[in-house]
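Okay, structure first, notes after.
The values are calculated or read from the model by the stated rules, or taken from the named source; none is laboratory data. Everything numeric here is computed off the predicted structure, so don't read it as measured data. For neighbour counting, all protein chains shown are included, and Cβ atoms are generated from backbone atoms with ideal geometry for every residue, glycine included. Just so you know, the surface numbers come from the protein's heavy atoms only, side chains and all, with ligands and any DNA or RNA stripped out. Shrake-Rupley method; radii C 1.70, N 1.55, O 1.52, S 1.80 Å.
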Amino acid sequence: IAKLAGVLSDVVFRSVEIRRRGGLPQGPTLVLANHGGGLADILLVIQAFPRFPRFLARDVIWRVPGGPAVMRAAGGIPVHRRQDHGGAADNAGMFDSAFDALAEGDLVAIYPEGESVPEPRLAPLRTGAARIALGALARGTDTTIVPTGLRYFDVSVLRARALIDIGAPVTMGELVAELGD
């Protein structure tokens, strides 16, 4: 899947620049990326990290033809959004899967906005990313948080340019210690 994502990225983008502020962490890692480019965002996150990420994704993807096979192969974790289920959504299984993935040392990617926003702005953030990081810490897994910005240039032309801006990693334990009581 990573090789296919690389090929697709080469087709979709004229150039992709990656900027890193700090090293790439090993062990349990939570990538937090903005979501302004739809499926292109997935290609960029895959390209930006040497380990293949396990993406949290809307559960409706598992209902399209071929979706379950692709998502299982990619290690996807389904998110049951209230807006997709008429207000009735239970994400206990999603949180448990994310906690388990981090406890196993995986790289987990989430788009904290909860949806793709095509305008060049950040949508209001949801609480899922914080709940995952805090929940994993409460279960004994100190997760490294990696803020990741995705920007697109020349989007009005075919084969736009992209920038992946990877922020300095910080562990959840460090963040909680700084906050104190």
Out of all the residues in the range 139-164, which are under 18 Å from Ala103 (Cα atoms) and not in a strand (DSSP E or B)? Arg139, Gly140, Thr141, Asp142, Thr143
Identify all residues within the range 85-108 that are in a helix (DSSP H, G or I) and buried (at least 16 other Cβ atoms within 10 Å of the Cβ); write none if there are none. Met94, Phe95, Ser97, Ala98, Phe99, Ala101, Leu102
With respect to the numbered conditions (1) open to solvent by less than 20 Å² (accessible area, probe 1.4 Å); (2) modelled with pLDDT under 90, which one is the sole condition not fulfilled by Leu122? (1)
For residues in the range 131-181 being small (Gly, Ala, Ser) and in contact with a helix residue (DSSP H, G or I) (Cβ under 7 Å, 6 or more places away or on another chain), which is surrounded by the fewest Cβ atoms within 10 Å (Cβ to Cβ)? Gly173
Pull out all pairs, ordered by first then second residue, where Cβ-Cβ is under 8 Å, the residues are six or more apart or on different chains, the first lies in the range 165-181 and is part of a strand (DSSP E or B), and the second is among the small types (Gly, Ala, Ser) and loosely packed, with under 13 Cβ neighbours inside 10 Å. Ile166/Gly22
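Could you identify the single residue in Ile110, Ile145 that is closer than 16 Å to Gly173 by Cα, at pLDDT 90 or above and among the hydrophobic types (A, V, I, L, M, F, W, C)?
Matching residue, one of Ile110, Ile145: Ile145.
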Exclusive hit being among the β-branched types (Val, Ile, Thr) and more than 14 Å from the chain's Cα centre (by Cα), set Val7, Val79: Val7
Residues in the range 1-29 that are in contact with a helix residue (DSSP H, G or I) (Cβ under 7 Å, 6 or more places away or on another chain), more than 12 Å from Leu44 (Cβ to Cβ) and of a type in the set (Val, Ile, Thr): how many? 1
